[in-house]
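The structure appears right after this line, and notes come after that.
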Amino acid sequence: MSAGAYNFAYLDEQTKRMIRRAILKAIAIPGYQVPFASREMPMPYGWGTGGVQVTAAIIGPDDVLKVIDQGSDDTTNAVSIRGFFVKTSGVATTTRTDAATVIQTRHRIPETPLAAGQILVYQVPIPEPLRFLEPRETETRTMHALEEYGLMHVKLYEDIARHGHIATTYAYPVKVAGRYVMDPSPTPKFDNPKMHRSPALQLFGAGREKRIYAIPPHTDVVSLDFEDHPFSVQEFDAPCALCGAEGVFLDEVIVDDAGGRMFVCSDSDHCEERRAAGHEGTLAGAPAWSGAAAAAATEDAS
Amino acid sequence: MTGPGAKGGPLLRASGITKFYGDRVGCRDIGFELWPGEVLAIVGESGSGKTTLLNCLATRVVPTAGVIEYRMRDGRMRDLHALSDAERRLLMRTDWGFVHQNPIDGLRMTVSAGGNVGERLMAVGERHYGHIRETATDWLGRVEIAADRVDDDPRSFSGGMRQRLQIARNLVTGPRLVFMDEPTGGLDVSVQARLLDLLRGLVADLGLSAIVVTHDLAVARLLSHRMLVMKGGEVIEEGLTDQVLDDPQAAYTQLLVSSILQV
Ligand SMILES: [Zn+2]
């Protein structure tokens, strides 16, 4: 595959215009799911085709792209999507959050606060937050149109009735700009507050479901809850074992065959940056966990 | 008592209600008034058009002709089929109830009893879990479901319990009008009797108006003040329930009544 065999960023210009129109409409109606004619991409559904199409429609030759999957730049999925854009568009890539202009993500929002001018593109498997109790799409569409969102609270009610607290920790529903209830995609609820009034533009693409939605910069994003069971984010007992960071989202990592485990930053770039700046956790200096991401920190277009 | 002179006028007025399905008549030229606190039974055999009429009245089906007016909480009569979707749906989940024959059609089977009852409260903006649960538990008590079942889902309930749960789910917002489609159908006879007693008590206590569709004259007798007898899509007899059942005028009604008395 060579860049010459494709239009810039793979999609033809007409398709990009169609997707951009959907994106503009999505930005104009924050949180509203805009249907679009999702195209076949050279990767199967479930591999981020929605996010890839959004990125392809907005990326330009001067952009710097970062791709993360579960917070990491070096998973197979992240590497292959980054490779796809390098080949088809030749844009520069980075693993550094603050160096990127476009960040495509699955499951996380970077720990480093986003800035004005940056665009975060989410890969979304299921865009409809009401689907879990109301499978009829005609009905969910009407519910959105008429702002009938009681059902979302039924789900949270059930959580509390069954678990004593709101047990939903991923894809935790939010209300955007005081109007549309939205599924933030399978990000942990830990990241929900980062969406609120973010200076960055947030775009969501669901390929199989053919939907695009958006949160414009500086938009209110409020997690649904009850007065007597207010929304709260996950808390972790200990800081990152590698960089000592607190107040970040941690992943549990198995470190040996004996069942040894540790908790480390899910955002691998954030962890690298902190360690490079001299921060140390209890297991600082542990070898295995760093390699690829650090090496790829300034991957070049070629 | 109720009547043309009663304060405020009728709660619902239907005139000329006609529904065709292609060439086939569902119901034809039906008119009546329903007064606050009144229970009207629509009686007939299957195919009589009673369910079509109910669906037209409850705005689940658009009639081919005719007008249904309803007195909103602000006292104004409104043409139901001219309401916006938003107004109609708000009406349906606050001021109305609809009790389906099969509770599965009216319940969320994978949601707890408390969640089923609480849904309408959450739909109108209640956001305090403790209040919702308390209200739901209270309503479960009123339909004779033990408080310790509040977190169980209706899949574990008997048919009679499911039907009672469906009733509680409908009544929690204090509706003024409840539509019931064969509310005791599909239940054992002894369970039917208990449910009818419960319904009768609730309707009286709450001063509800109700439109009950049934093929069962015993249900009409126990629940309703007034009844319409339907056959072939038309109303062939109407009047106070006791009068119609004790002294039926139409030959068809006489046949219905005599068939039940033979049992
Ligand atoms: Zn770390």
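Take the residues in segment A:228-241 that are touching a helix residue (DSSP H, G or I) at 6+ places or on another chain (Cβ under 8 Å) and away from the ligand (no atom under 16 Å from the Cβ); name whichever of them is farthest from A:Arg274 (Cα to Cα). Spell out the reasoning first.
Narrowing segment A:228-241 to residues touching a helix residue (DSSP H, G or I) at 6+ places or on another chain (Cβ under 8 Å): A:228-229, A:231, A:233-234, A:240.
Next cut, away from the ligand (no atom under 16 Å from the Cβ) only: A:228-229, A:231, A:233.
Working: A:Asp228: 37, A:His229: 35, A:Phe231: 29, A:Val233: 23 Å.
Among residues in segment A:228-241 that are touching a helix residue (DSSP H, G or I) at 6+ places or on another chain (Cβ under 8 Å) and away from the ligand (no atom under 16 Å from the Cβ), the one farthest from A:Arg274 (Cα to Cα) is A:Asp228.
Within segment B:21-30, is even one residue at positive phi, surrounded by fewer than 22 Cβ atoms within 10 Å (Cβ to Cβ) and more than 14 Å from chain A (Cβ to nearest Cβ)?
Yes, some residue in segment B:21-30 is at positive phi, surrounded by fewer than 22 Cβ atoms within 10 Å (Cβ to Cβ) and more than 14 Å from chain A (Cβ to nearest Cβ).
Quick one: in segment B:163-190, of everything that is in contact (Cβ under 8 Å) with a residue 12 or more places away in the chain and hydroxyl-bearing (Ser, Thr, Tyr), which residue is surrounded by the most Cβ atoms within 10 Å (Cβ to Cβ)?
B:Thr184
Among the residues of segment A:83-111, which ones are open to solvent by less than 10 Å² (accessible area, probe 1.4 Å) and closer than 14 Å to A:Val54 by Cα?
Those that are open to solvent by less than 10 Å² (accessible area, probe 1.4 Å) and closer than 14 Å to A:Val54 by Cα: A:Phe85, A:Val102, A:Ile103, A:Gln104, A:Thr105.
Considering only residues of segment B:23-50 that are charged (D, E, K, R) and assigned to a loop (DSSP other than H, G, I, E, B), which is nearest to B:Glu69 (Cα to Cα)?
Once the filter is applied, the top-ranked residue is B:Glu38.
Would you check which residues across segment A:18-43 are at pLDDT 95 or above and open to solvent by less than 20 Å² (accessible area, probe 1.4 Å) and list them?
A:Ile19, A:Ala22, A:Ile23, A:Ala26, A:Gly31, A:Val34, A:Phe36
Hand me the list of strands (runs of 3 or more DSSP E) wholly inside segment A:196-282 holding 2 or more residues that are open to solvent by less than 20 Å² (accessible area, probe 1.4 Å).
A:201-206, A:211-215, A:221-223, A:261-265
In segment B:87-95, is there at least one residue being at pLDDT 95 or above, within 18 Å of B:Arg226 (Cα to Cα), open to solvent by less than 30 Å² (accessible area, probe 1.4 Å) and outside any helix (DSSP H, G or I)?
Looking for residues that are at pLDDT 95 or above, within 18 Å of B:Arg226 (Cα to Cα), open to solvent by less than 30 Å² (accessible area, probe 1.4 Å) and outside any helix (DSSP H, G or I), one finds none in segment B:87-95, hence no.
I'd like the full set of residues that are assigned to a helix (DSSP H, G or I) and either touching a residue at least 60 places away in the same chain (Cβ under 8 Å) or surrounded by fewer than 19 Cβ atoms within 10 Å (Cβ to Cβ) (or both), limited to segment B:54-86.
B:Leu54, B:Leu57, B:His81, B:Ala82, B:Asp85, B:Ala86
Given (1) at pLDDT 95 or above; (2) over 14 Å from the mean Cα position of the chain (by Cα); (3) under 28 Å from B:Thr18 (Cα atoms), identify the lone condition not met by B:Ala218.
All conditions are met except number (1).
Kindly list, by first and then second residue, each pair from a residue in segment B:227-246 that is without any contact (Cβ under 8 Å) to a residue 24 or more places away in the chain to a residue that is in a helix (DSSP H, G or I) and open to solvent by 20 Å² or more (accessible area, probe 1.4 Å), limited to pairs with Cβ atoms under 6 Å and residues at least 6 apart or on different chains.
B:Ile236/B:Tyr252
Sort out which residues of segment B:207-249 are among the polar types (S, T, N, Q) and either open to solvent by 10 Å² or more (accessible area, probe 1.4 Å) or in a strand (DSSP E or B) (or both), and write them in order of number.
Across segment B:207-249, the qualifying residues are B:Ser209, B:Thr214, B:Ser224, B:Gln243, B:Gln249.
Among the residues of segment A:227-241, what is the count of those that are touching a Ser or Thr at 6+ places or on another chain (Cβ under 8 Å) and within 14 Å of chain B (Cβ to nearest Cβ)?
1
In the set A:Ala214, A:Ala206, A:Ala301, which member is closer than 23 Å to A:Ile58 by Cβ, of a type outside the set (D, E, K, R) and at pLDDT below 95?
On the way: A:Ala214 fails: at pLDDT below 95; A:Ala206 fails: at pLDDT below 95.
After ruling out the rest, the residue left standing is A:Ala301.
If you check A:Gly244, A:Gly259, A:Gly281, which single one turns out to be near the ligand (Cβ under 8 Å from one of its atoms), at positive phi and away from chain B (no Cβ under 14 Å)?
Just one listed residue meets the conditions, A:Gly244.
Which one is nearest to the other protein chains (Cβ to nearest Cβ), of the residues in segment A:135-164 that are within 25 Å of the chain's Cα centre (by Cα) and either of a type in the set (Gly, Ala, Ser) or not in a helix (DSSP H, G or I) (or both)?
So the residue we want is A:Tyr149.
Among the listed residues B:Asn55, B:Asn116, which satisfies the condition of being over 30 Å from A:Tyr157 (Cα atoms) and modelled with pLDDT of 95 or more? Full working, then the answer.
Values: B:Asn116 fails: over 30 Å from A:Tyr157 (Cα atoms).
On inspection, the qualifying residue turns out to be B:Asn55.
Restricting attention to segment B:111-125, which residues are in contact with a Lys or Arg (Cβ under 9 Å, 6 or more places away or on another chain) and more than 7 Å from chain A (Cβ to nearest Cβ)?
The answer is B:Ala113, B:Asn116, B:Val117, B:Arg120, B:Val124.
Of these, B:Leu107, B:Leu165, B:Leu91, B:Leu140, which one is under 24 Å from B:Leu34 (Cβ atoms) and away from chain A (no Cβ under 11 Å)?
Values: B:Leu107 fails: under 24 Å from B:Leu34 (Cβ atoms); B:Leu165 fails: under 24 Å from B:Leu34 (Cβ atoms); B:Leu140 fails: under 24 Å from B:Leu34 (Cβ atoms).
So the residue among B:Leu107, B:Leu165, B:Leu91, B:Leu140 that is under 24 Å from B:Leu34 (Cβ atoms) and away from chain A (no Cβ under 11 Å) is B:Leu91.
Can you report the number of residues in segment B:97-121 which are surrounded by fewer than 18 Cβ atoms within 10 Å (Cβ to Cβ), under 22 Å from the mean Cα position of the chain (by Cα) and part of a loop (DSSP other than H, G, I, E, B)?
The number of residues fulfilling the criteria is 2.
Examine segment A:116-131 for a residue that is surrounded by fewer than 17 Cβ atoms within 10 Å (Cβ to Cβ), within 14 Å of another protein chain (Cβ to nearest Cβ) and in a loop (DSSP other than H, G, I, E, B), and state whether such a residue exists.
Yes, segment A:116-131 has at least one match.
The values are calculated or read from the model by the stated rules, or taken from the named source; none is laboratory data. These numbers were taken from a predicted model, which means no experiment stands behind them. Positions of Cβ are generated from backbone atoms using ideal geometry, with glycine treated the same way; all protein chains shown enter the neighbour counts. The area values use the complete protein model at the heavy-atom level, side chains included, leaving out ligands, DNA and RNA. Shrake-Rupley method; radii C 1.70, N 1.55, O 1.52, S 1.80 Å.
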